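Data block below; observations after.
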Amino acid sequence: MHQLPIRASPRPLDAAKLRLICFGLTPSQVPHSVVRRLHVLRSPLSPVFSSSRHSTPRFAAVPFRSASKRYCSYRKMCRSRHAGLSGSTNITHGREVLPTNVKPLHYDLTLEPDLEKLTYEGVVVIDLDVVEDTNSISLNTNELVIHSTSISANGAVITATPEVLYNKDQQVTTVKFAETIPAGSRAQLTHTFTGPLNDNMVGFYRSSYTAKGGEKKYMATTQMEPTDARRAFPCFDEPALKAEFTITLIADKDLTCLSNMDVASETEIDSKTSLGKKKAVKFNKSPLMSTYLVAFIVGDLNYIESTQFRVPIRVYAAPDQNIEHGRFALELAAKTLAFYEEAFDSEFPLPKMDMIAIPDFSAGAMENWGLITYRVVDVLLDEKTSGASRKERIAETVQHELAHQWFGNLVTMDFWDGLWLNEGFATWMSWYSCNAFFPEWKVWQSYVIDNLQSALSLDSLRSSHPIEVPVKRADEINQIFDAISYSKGSSVLRMISKYLGEDIFIQGVRNYIKKHAYGNTQTGDLWSALADASGKPVQSVMDIWTKNVGFPVVSVSENPTAGTLRLKQNRFLRTGDVKPEDDKTIYPVFLGLKTKNGVEEDLVFDRREEEFKIPDFDFFKINADHCGLYRTSYSPERLEKLGEAAKRGHLTVEDRAGMIADSGALAASGYQQTSGLLSLIKGFDTESEYVVWNEILTRLAALRAAWLFEDGKVTDALKAFRRSLVSVKAHELGWQFSDEDGHILQQFKSLMFGNAGLADDPVVVNAAQDMFKRFTEGDLNAIHPNIRGSVFSMVLKNGGEKEYNAVLDRFRHAPTSDEKNTALRCLGAAEEIGLIRRTLELALSDEVKNQDIYMPLSGLRGHSRGVQERWKWLKENWDTIYKRLPPSLGMLGTLVQISSSSLCTEEQLKDVEAFFGPKDKKGYDRAVEQSLDAIRAKVHWLHRNRDDVESWFRKNGYLVGQKL
């Protein structure tokens, strides 16, 4: 077992000083004022008209990852293999895992893809440790044809003609033989096999691009996570069954071959698939790693390289891409790897790092050890044609995947119920490092309206799930790559890092990585490391957050006579119908009580009801900077006072944005009247911060989405109210961009411009139409990238077929994937029925890659006709969609949510229930339940507050015939 050394851990490095490393400076070289300035960031996009760090804005009825972050198993399957591992919970019962009689040690894998026939041939030799006396070996395969099998033990052949059985449902091949191999032996299993280079973006698959002459060309690439290594080669496809890998790729001499490791040798051989000569590229043996991290790629590729890190780093792309667009990601990767080595006190253990843009890719990116794969738009950046939000998205994605090289790859979760250990930490670490590199972006401010709200939104549904969710079968795994594993997981880590202190938290992580390098862990192992570093009872506190679904709303009542606050916690559900069985968990709530004396970070509220002393009632706020995972419900009088405190500068940006988010969620669920939310928002009309405005407009967009099918006089009043809020600010900021505009100001201008256009501000709409006219006449610089999506959407909303064809042409012929995607997303803004149907037809056409089907569909959410037609389309084309996107691949659930969750009425709810009721929903059942919950929540909201909202608009003069 080959292990690379891990350096001993020195004393903790101050977190602020650690951040200086990203600038190439030692702490002693930097003034204290600069150290203090290295503080918080992140910027989600406009909830309307602009591209976002999320593929869909958060005001969508149900949060979902449109570009799902990836995608078990099998027999009467034996007991869990890992009962001896430490951990906080026993959720192993019922897992379908492979038998434990043998354990893989090393794979020698040779593959020869044929990029014309779109198939490949392979040979795998697996070295095995025989744990128990055995006369059978079971391993995973899926859609492979095994041509020959042989077994040897201790250097002697046992059989070259064993009995080979296959269980398709369990995706298990079992090899049986007469002679028993005794425990303690070393065995070898050899398979020769063939497989298809499929077009489903899983396993070993083909990805296409267009060559200079217009010819379609292919590369062969991989996506193994979670359980698709078995589609590429026979293997023991479970995270805990780590082994070493020696991989050889056979290809034409002019093609590039890549894998996790660097090249050991390249030789000329006779091809088995053709009559000519080919090259065999053998890669050095890997460290111990899980099968889902294995990667290999063959294709015509260009690259750029950096030597600014200890090992070489390259960015690769197909010939149809400008490889120089990888420069930003390349340079950031070099700095980030150095930063992470220092943060984790652990050297990156591989001899190189490659990152590659894949033309067909279902996720945003995949952290394959030493060979990270990305969607083109998530690694290549043309700063001349892309906006600030795209740059931020790429930075976050690159730093997320690089964090996985330690947290996930070096130390790996024991099983898929621990997915959050990988994804929650990588999400938190990407924000932590992004803040260090780009302090002017203020990402921790944006975290409150981004990851935190995504987590709270999904977790407010009855159909949510715990962070540590029991996973039994392969078809369950894809559905937990969601906002709970990523956003709630990272929010829990943010909460505990604040509770322990950032330096102590990082030191605990260092200890965890050092102790478990090249191994597997459960959640309890992380809690133990943090407890050892801090001396605090981390596990007893955090188990409640990770093992239980949901979060509380903390209701605040005041007792001035006693000088106390009385707090009560209850489960929060967006549907507002909490039942006793829903409300059994008492959460340890970190109060973060802010008063005029500062913030009390150590207060923990861990009872159903409790009283807390405060200095006075002039000013206080619960959940300072919104580091806690809960909603806070104040009396209307206190909410008004907090609004006044915000105007006086007593609340941070995080406090203000979080307060609006809480108020919006509480109004939607019935804890407060929606009229109170509208009054609170109206009082923020002089707000100066982008993040706060983003949340204000997100909450108004949620209201608009729920009222989408209501009487026109009310929806017009809501539009008039939005216009009265945003127009002045939009005109003040303007929509001209200069090099002097900071990162946040660029996004602020884009946000206000887009929302003013959505609200039919005539000046903004006219400006958009003028820019678009010049653009279509040949001035490609007429529309700034920051507002390209807003301009396209406005002209489509107010135009017809001419404008539609112009945007469609841009989708077909724009030079970058980013611009193509913007055009594709915006087509749904057209409201004419004929154009809506063209958009829906386009989504299933060959012009739109499977990875991008969600884009034109998501654009239809902005108008009632689009929402209705999209749902009708899903029903009418269900069989075609199901065949094209089978549930085992993960994208079907996304389309289900996009197409159904924007519905709002009781009649529509019944229609969705009736459509999906009789269907076998295996593989997308969570998506259906979450969509139904989202529709129910809007139905209840309308039932409670329909009259309240109309009354508020009437009293404030926004109904037709009153002031506009």
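Take the cross-link list LYS335/LYS442; LYS875/LYS938; LYS391/LYS922; LYS488/LYS820 and give me the ones stretching past 26 Å between alpha-carbons.
Details: LYS335/LYS442 19 Å; LYS875/LYS938 22 Å; LYS391/LYS922 37 Å; LYS488/LYS820 32 Å.
LYS391/LYS922; LYS488/LYS820, as the Cα separations exceed 26 Å there.
Collect residues whose amide H, placed 1.01 Å from N in the peptide plane, falls under 5 Å from the amide H of ASN548; neighbours closer than 5 in sequence don't count.
ILE467
Tell me, what ³J(HN,Hα) does each residue in the range 505-520 have, in order and in whole Hz, if you take phi through Karplus 6.51 cos²θ - 1.76 cosθ + 1.60 with θ = phi - 60° and put x for Gly and Pro?
4, 5, 5, x, 5, 4, 4, 4, 5, 4, 6, 10, 3, 6, x, 10
List the trypsin sites (Lys or Arg not before Pro) within the range 231-287 that DSSP assigns to loop and that have no more than 12 neighbouring Cβ atoms inside 10 Å.
LYS253, LYS272
Counting only protein heavy atoms, what percent of the accessible surface of the range 788-871 is carbon or sulfur at a 1.4 Å probe?
Working: 1180 of 2800 Å².
Carbon and sulfur together cover 42 percent of it.
Got a number for the accessible area of TRP878? Probe 1.4 Å, square angstrom, nearest 10.
20
Leaving out ligands, DNA and RNA, and with a 1.4 Å probe, what % of the accessible surface on the range 132-183 is carbon or sulfur? Could you put the intermediate results ahead of the total?
Details: 1290 of 2720 Å².
It is 47 percent, rounded to a whole number.
With +1 assigned to the C-beta of every Lys and Arg and -1 to the C-beta of every Asp and Glu, and no other charges, what is the dipole magnitude of the range 300-409 about the Cα centre in debye, to the nearest 20?
On the way: 10 positive and 18 negative charges, 32 e Å.
Using only the charged Cβ atoms, the result is roughly 160 debye.
Once amide H atoms are placed 1.01 Å from N in the peptide plane, what residues at a sequence separation of 5 or more from ASN368, or on another chain, have their amide H within under 5 Å of its amide H?
Close amide H contacts, sequence-distant or interchain: THR373.
Classify the range 207-351: rounded, prolate or oblate, from the alpha-carbon gyration tensor (a ≥ b ≥ c, eigenvalue square roots; a/c under 1.5 rounded; otherwise prolate if a/b is larger than b/c)? The partial results should precede the final answer.
Details: a/c = 1.71, a/b = 1.16, b/c = 1.47.
Oblate, since a/c reaches 1.5 and b/c is not below a/b.
Shape verdict for the range 829-964, please, from the Cα gyration tensor: rounded (a/c under 1.5), prolate (a/b greater than b/c) or oblate. Provide the component values of the computation, followed by the final result.
Numbers: a/c = 2.86, a/b = 1.59, b/c = 1.80.
Oblate, because a/c is 1.5 or more while a/b does not exceed b/c.
List the GluC sites (Glu not before Pro) in the range 698-772 that DSSP assigns to loop (not H, G, I, E or B) and whose Cβ has at most 14 other Cβ atoms within 10 Å. Which are they?
Details: sites: GLU710, GLU732, GLU740; in loops: GLU710, GLU740.
Of the GluC sites (Glu not before Pro), the ones in loops of the range 698-772 whose Cβ has at most 14 other Cβ atoms within 10 Å are GLU740.
Residue by residue through the range 257-273, what is 3J(HN,Hα) from phi via Karplus (6.51 cos²θ - 1.76 cosθ + 1.60, θ = phi - 60°)? Round to whole Hz and write x for glycine and proline.
In residue order, the calculated couplings are 10, 10, 8, 4, 9, 7, 6, 8, 7, 9, 10, 8, 9, 7, 6, 7, 9 Hz.
Mind listing the phi-derived Karplus ³J(HN,Hα) values for the range 536-553, rounded to whole Hz, using 6.51, -1.76 and 1.60 with θ = phi - 60°, and x for any glycine or proline?
For the range 536-553, the Karplus-derived couplings read 10, x, 4, 5, 5, 7, 7, 4, 4, 6, 8, 8, 10, 7, x, 7, x, 9 Hz, x marking Gly and Pro.
Which value, in Å², gives the accessible area per residue of the chain when a 1.4 Å probe is used on the protein heavy atoms? Intermediate values should be presented prior to the final figure.
Values: 33970 Å² over 964 residues.
Here the residues of the chain average 35 Å² of exposed surface.
222 nm [θ] for the chain, helices only, -39500 (n - 2.57) per DSSP H run of 4+, per residue, to 500?
Values: 30 runs with 367 residues, N = 964.
Theoretical 222 nm ellipticity from helices: -12000 deg cm²/dmol.
Rank these by accessible area, largest first, 1.4 Å probe: SER346, SER817.
On the way: SER346 0, SER817 30 Å².
Putting SER346, SER817 in descending order of accessible area: SER817, SER346.
Shape of the range 597-682 from its Cα gyration tensor (a ≥ b ≥ c, root eigenvalues): rounded if a/c is under 1.5, otherwise prolate when a/b > b/c, or oblate?
Details: a/c = 1.65, a/b = 1.25, b/c = 1.33.
Verdict is oblate for the range 597-682.
Ignoring ligands and nucleic acids, what accessible area does THR180 show with a 1.4 Å probe (Å², nearest 10)?
Rounded to the nearest 10, the figure is 70 Å².
If one puts a single equal scatterer on every Cα of the range 96-300 and applies the Debye formula without solvent, what log₁₀ I(q)/I(0) results at q = 0.08 Å⁻¹?
Normalising to I(0) and taking log10 leaves -0.27.
Ignoring ligands, DNA and RNA, what percent of the 1.4 Å accessible area of the range 406-547 is carbon and sulfur? Write out the running numbers ahead of the final one.
On the way: 1450 of 2760 Å².
The nonpolar share, carbon plus sulfur, comes to 53 percent.
Given H placed 1.01 Å from N in the peptide plane, which residues other than close sequence neighbours of THR521 have an amide H under 5 Å from its amide H?
Here the answer is THR412, MET413, ASP414, since their amide H atoms fall under 5 Å of that of THR521.
Please list, by residue number, every one of the GluC sites (Glu not before Pro) in the range 112-167 that is coil in DSSP and has at most 13 other beta-carbon atoms within 10 Å.
Numbers: sites: GLU116, GLU121, GLU132, GLU143, GLU163; in loops: GLU116, GLU132, GLU143.
Those that pass, being in a loop and sparsely packed, are GLU116, GLU132.
The values are calculated or read from the model by the stated rules, or taken from the named source; none is laboratory data. Note that the coordinates shown come from a computational prediction; the quantities given were computed from them, not determined experimentally. Cβ sites come from the backbone with ideal geometry, for glycine too, and all protein chains shown count toward neighbours. For accessibility, only protein heavy atoms count, side chains too; no ligands or nucleic acids. Shrake-Rupley method; radii C 1.70, N 1.55, O 1.52, S 1.80 Å.
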